[in-house]
Every structure is written in C-alpha cells, then in structure tokens.
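**Q** Structure incoming, see below.
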Amino acid sequence: MKIITSLIILLFFSPGIILSQEITDPEADETPTADWSFASQWGIGVKAGLNGIGFEIVKGFGDRLNLRLAYSTFSYTYSTEQTIEGIDLLAEAKATLGAIGAIVDYYPVKNIIHLSAGLIQNNTLVSVNINPLSGFPYGDLTVPPEDLGGVSADLGPDLPVAPYLALGFGNTLSRKHRVSFNFELGAIYQGAPQLYLEGSGMLAPMASDHNAQVIMDAIAPYKWFPVLNFQLTFKIL
C-alpha cells in the first residue's frame, strides 16, 4: 500500500506532468479574425494627380481588400495672340480634367503593394476657339473680322466610361494607423481620342471633315490616358 501511495504522489507532483489542458486551436491566437462588417474600416482620402484634385470614400474588407469611390476635377485656361498671313488671331484653350469612378484594391503584399482595377467616367475635355482680331486685306478691300468667322475644336475620349488599371505603393486605408499614404501609377483605356471641328465664315473650310480625320488619324494611337496620383487617407471608423 505504501508503494502505491508513493507512486501516486510521484505521478501527480513530478515536473512536466500536466494535470489539465484546455483543447484549443493552436493557431487561433496567431491569426486575427478578418473584419468584414459594413460598419467598420471606413476612411476619407484627398488626392492630387494627372486627372485633377479630388477625394475618395474608402471601405476596407478584411486585411487585403479596399473599395474606393473616387471623384476628381481640375480646369485650366490659356489664351495667346498670333499673327498668321497678316491676320491677328486670338486662340483660347480650356483643358478640363476629371473622373468619377469605383475602384477595387487588392494587396498581394499587405500594406505595401496593391493592384487596382475599376471603372472610370473620364471627364477629360480640351476645347479650343480661334477667332480673328483684325480684318484681312484683300486687294483694295479689307474683310472685317466678323466675315472671316472662326474655328472651334473639342477633343475628348472615345469611351465615356472606361476600365482603369493601376499599381500602387502604400495603403489606401490603414487598419492600424489613423493616416495612410498611397502613390498610384495607372492608366485609363479611353479608346482613340475623338475630335469635333466647327467653322464659320471664310475660315469654315479649315474645319472640314477631311482635316478632322487627318488630325484624328495622327492621335489615334493614344488610347491610354495616364494616371498618377498621390493620396492621403484619414481613417474615420
């Protein structure tokens, strides 16, 4: 009996003997649960780039997926006076940049590199108006500017809604930090640019269909509109 009692005491009080153990998944504490709820992981971003200045609403899903609703716009006007064949001309140009789109980011390397794809409404438009400032001497006569007329041109994308592809560095919405930075390089497939010419008066032949087609043939290869963006995102939820 003393031998049995000694063995029991030795068994239960020996180092390394486990009296009880909770059965758990050994990886449960190492792998965080992805948060796919709609109420969390929201941010607002401000950005600037080749398609203008704007903002984004960002929603995070899990650790590697973001959805962005983006808006950007910018406009620039320029005018110059030129003298061609004795006629003083005023050329006025206005370039309007902008986009509205939905973009999905996937992070193969979490928080560092992301691949982006989406649909963009490309609002890029370049408008040019050319009007004479002086009359045109024709023999003993001078043709007044209002009879000379003018020429206007609009240049824009072929596809109003187009696919967008990009490679980004940084994070469009950090899970741990309040502010995140992202640099993105991509392109919008806009199709062959479309040119619309209109003319009036004596300058109307300059806006012929033949001249418009010659210009469109020259710019047809430029089907991708480059996009370069810098973005700061502030996490709000």
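The values are calculated or read from the model by the stated rules, or taken from the named source; none is laboratory data. Values in this document were obtained by computation on a predicted structure and should not be read as measured data. So basically every Cβ, Gly included, is an ideal-geometry build from the backbone, and we count neighbours across all protein chains shown.
**Q** So which residues in the stretch 81-104 are more than 12 Å from the chain's Cα centre (by Cα) and under 30 Å from residue 231 (Cβ atoms)?
**A** 93, 94, 95, 96
**Q** Looking at the structure I just gave you, is residue 111 at pLDDT below 95 and within 19 Å of residue 156 (Cβ to Cβ)?
**A** Against the criterion (at pLDDT below 95 and within 19 Å of residue 156 (Cβ to Cβ)), residue 111 does not qualify.
**Q** May I ask you to list the residues in the stretch 121-175 that are part of a strand (DSSP E or B), in contact with a Ser or Thr (Cβ under 8 Å, 6 or more places away or on another chain) and over 20 Å from residue 79 (Cα atoms)?
**A** 136, 164, 165, 166, 167, 168, 170, listed by residue number.
**Q** Being in contact (Cβ under 8 Å) with a residue 12 or more places away in the chain, assigned to a helix (DSSP H, G or I) and within 29 Å of residue 77 (Cα to Cα): is that true of residue 212 here?
**A** It is true that residue 212 is in contact (Cβ under 8 Å) with a residue 12 or more places away in the chain, assigned to a helix (DSSP H, G or I) and within 29 Å of residue 77 (Cα to Cα).
**Q** Take the residues in the stretch 176-194 that are assigned to a loop (DSSP other than H, G, I, E, B) and of a type in the set (D, E, K, R), then tell me which one is modelled with the lowest pLDDT.
**A** Selected residue: 176.
**Q** Considering only residues of the stretch 216-235 that are surrounded by 15 or more Cβ atoms within 10 Å (Cβ to Cβ) and of a type in the set (Val, Ile, Thr), which is nearest to the chain's Cα centre (by Cα)?
**A** Checking each candidate, the answer is 227.
**Q** I'm checking my understanding of the structure. Among residues of the stretch 37-56 that are within 12 Å of residue 71 (Cα to Cα) and surrounded by fewer than 19 Cβ atoms within 10 Å (Cβ to Cβ), which one is farthest from the chain's Cα centre (by Cα)?
**A** My answer is 44.
**Q** Follow-up question, since we're still on this one. Pick from the stretch 10-66 the residues that are on the phi > 0 side of the Ramachandran plot and part of a loop (DSSP other than H, G, I, E, B): which of them is modelled with the lowest pLDDT?
**A** Once the filter is applied, the top-ranked residue is 16.
**Q** Please go through the stretch 183-199 and pick out each residue that is of a type outside the set (Asp, Glu), touching a residue at least 60 places away in the same chain (Cβ under 8 Å) and either surrounded by fewer than 18 Cβ atoms within 10 Å (Cβ to Cβ) or within 18 Å of residue 108 (Cα to Cα) (or both).
**A** 186
**Q** Another question, if that's okay. Do you know which residues across the stretch 75-89 are farther than 15 Å from residue 138 by Cα and free of Cβ contacts under 8 Å to residues at least 12 places away in the same chain?
**A** Step one: filter the stretch 75-89 for residues farther than 15 Å from residue 138 by Cα, giving 75-83, 89.
Correct list: 80, 82, 83.
**Q** Residue 197 fails exactly one of the following numbered conditions: (1) more than 20 Å from the chain's Cα centre (by Cα); (2) in a loop (DSSP other than H, G, I, E, B). What is the number of that condition?
**A** Exception for residue 197: condition (2).
**Q** Same structure again: Just checking, which of 155, 203, 173, 141 is over 19 Å from residue 70 (Cβ atoms), surrounded by 15 or more Cβ atoms within 10 Å (Cβ to Cβ) and modelled with pLDDT under 95?
**A** 203
**Q** Which residue pairs have Cβ atoms closer than 7 Å, lie 6 or more positions apart in sequence or on different chains, and pair a first residue in the stretch 140-164 that is within 10 Å of residue 200 (Cα to Cα) and in contact (Cβ under 8 Å) with a residue 40 or more places away in the chain with a second residue that is surrounded by fewer than 18 Cβ atoms within 10 Å (Cβ to Cβ) and among the acidic types (Asp, Glu)?
**A** What qualifies is 152/198.
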